[in-house]
Amino acid sequence: MSKAKSSRERRVVQPSMTRVTRSSVNLQDPQHIKPSASGLVNDLSLMRVSEQQASSTRKGKSPKDCNTPKNLSPSTKSALSSPSGGSAPNGALATISRLIKLGRVRNIVVVAGAGISTASGIPDFRTPGTGLYANLVKYDIPYPEAIFNIDYFSDNPHPFFSLAKELYPGYHRPNYVHYFIRMLHQKGLLLRMYTQNIDGLENLCGIPDDKLVEAHGNFATAACHLCYSPYPAEEAKQAIMNDKIPICTFCAGAVKPNVVFFGEDLPVKYFQHAEDFPKADLLMIMGTSLKIEPFASLVNTVKSTVPRLLLNRDPVGPFERRPPKRGDYMELGDLVDSVRKFADILGWHSEIQHLMNCHENTLFYNTDPNSGENSDSSETDSRISDSSGPSN
Ligand code: CNA
């Protein structure tokens, strides 16, 4: 049995709660989720999903028209007609914007993944060509998931540490998409953001802690991967940045930032979803392939009456279904383009731009991820190993 496994068995699991660990398999077949008939969704589902292709978005072409909605309830009719009394603009973004403007949406849950950070220069997993999975040679790993596999880490922490050096907060800037989500918060519309990202950009752009669930952990704290003893996060960072392995003072296991690996427990905060998703009146899904469980299945836990908006390069998860489920909307294409368009329709663009400019000025960035902030500090620290593996 691996060292990691034996230690995980010792880990205290929350009483009265089924243990939930991160898995790379999507366990739930969204096709089996039955939509129930209900006012808003019935009405909105008469609109067709906007299938704007990435190429056409970039070329500035307008999305394909939706079917003209018929038999709408009076309230939705009013939500879909323009304030000037003209006909409603077509498209997913226009429809959802109208609901927001009319105050019919007040509790938005955002579900996000690596795609919201690609514009910040951080590769995602699965984008062909640029994604981490397409660039494995760099990390010298036998299969893609190895980089977040705790048993593999136990034997060889270096590939994860190479990736960690690129992802550590401080070297990347939040982009327009992050600030759009912050704007949802400032407008009092964000119930919660659930992110799979570990890059800390949501936090950096100013989305407050109580609005954010980092379901796959972050770099803010660190602990031994064997005995889970906490370890000073900054010291772990210094070691990793200097190609050294931070070592636990109790059991000599390798220390890692508290990023959730496959097979590890999700943070307690994640379980907030049981209260949040039933309260949501709009679900926005952004930049994720919805391939990692249990996170992916969260999107199926909003009420069936609740509209779900996917902003992504391609359809994923339940949005692959044809015909689309009632109340499901998508805007396909580059995320920054789509979000910018959404902000324009909402009339928020200059506010977001202003927020972004002001906030950027307050941030300090170290632009060289390989420099390490204090390259001498680890030399004499007994907790740091410069060997090629854990010393236990
Ligand atoms: P993924 O499986 O790589 O999926 C990303 C999705 O976003 C894909 O569907 C892409 O098509 C889409 N996408 C990427 N860039 C854009 C863009 N510019 N515009 C529109 N769509 C885009 O990543 P997931 O987040 O679904 O997978 C979950 C993993 C990835 C989490 O556990 C993370 O820890 C892990 N990860 C995180 C980061 C990060 O923190 N930035 C980076 C890489 C991987």
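The values are calculated or read from the model by the stated rules, or taken from the named source; none is laboratory data. Being a predicted model, the structure only gives us computed values, none of them experimental. Cβ sites come from the backbone with ideal geometry, for glycine too, and all protein chains shown count toward neighbours.
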Condition check: surrounded by fewer than 17 Cβ atoms within 10 Å (Cβ to Cβ) and either in a helix (DSSP H, G or I) or out of contact with any Gly (no Cβ under 9 Å at 6 or more places or on another chain) (or both). Does K138 satisfy that?
yes
Only one of these is aliphatic (A, V, I, L, M), more than 16 Å from the ligand (Cβ to nearest atom) and over 30 Å from D344 (Cα atoms): A134, A146, A239, A164. Name it.
A239
Of the conditions (1) surrounded by fewer than 12 Cβ atoms within 10 Å (Cβ to Cβ); (2) modelled with pLDDT of 85 or more, the single one that D368 does not satisfy is (2)
Take the conditions at pLDDT 85 or above and of a type outside the set (A, V, I, L, M) and apply them to G85. Does it pass?
no
Residue among G200, G206 that is more than 19 Å from H273 (Cα to Cα), in the same structural domain as E351 (by the TED database) and in contact with a strand residue (DSSP E or B) (Cβ under 9 Å, 6 or more places away or on another chain):
G200
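For (1) in contact with a Ser or Thr (Cβ under 9 Å, 6 or more places away or on another chain); (2) closer than 26 Å to E293 by Cβ, each residue gets a yes or a no:
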position	(1), (2)
G115	yes, yes
R126	yes, yes
K138	yes, no
N149	no, yes
N156	yes, yes
F161	no, yes
F180	no, no
Give the number of residues within the range 105-122 that are more than 6 Å from the ligand (Cβ to nearest atom) and at pLDDT below 95.
1
Going by the conditions given, is S229 among the polar types (S, T, N, Q), over 20 Å from L283 (Cβ atoms), away from the ligand (no atom under 12 Å from the Cβ) and under 24 Å from the mean Cα position of the chain (by Cα)?
no
Close pairs from the range 127-145: first free of Cβ contacts under 8 Å to residues at least 24 places away in the same chain and outside the structural domain of N156 (by the TED database), partner part of a helix (DSSP H, G or I) and surrounded by 12 or more Cβ atoms within 10 Å (Cβ to Cβ), Cβ under 7 Å, at least 6 apart:
none
Inspect the range 196-203 for any residue being within 8 Å of the ligand (Cβ to nearest atom), part of a strand (DSSP E or B) and not β-branched (V, I, T) and give the result as yes or no.
no
Pick from the range 308-362 the residues that are among the polar types (S, T, N, Q) and away from the ligand (no atom under 14 Å from the Cβ): which of them is surrounded by the most Cβ atoms within 10 Å (Cβ to Cβ)?
Q353
Hits in the range 217-226 - residues which are over 14 Å from P169 (Cβ atoms) and either crowded, with 22+ Cβ neighbours inside 10 Å or modelled with pLDDT under 95 (or both):
C224, H225, L226
Some residue of the range 168-181 being of a type outside the set (G, A, S), free of Cβ contacts under 8 Å to residues at least 12 places away in the same chain and assigned by the TED database to the domain that holds N357:
no
When you scan the range 232-244, do you find a residue that is at positive phi and acidic (D, E), even just one?
yes
Is it true that A296 is within 13 Å of the ligand (Cβ to nearest atom) and surrounded by 17 or more Cβ atoms within 10 Å (Cβ to Cβ)?
yes
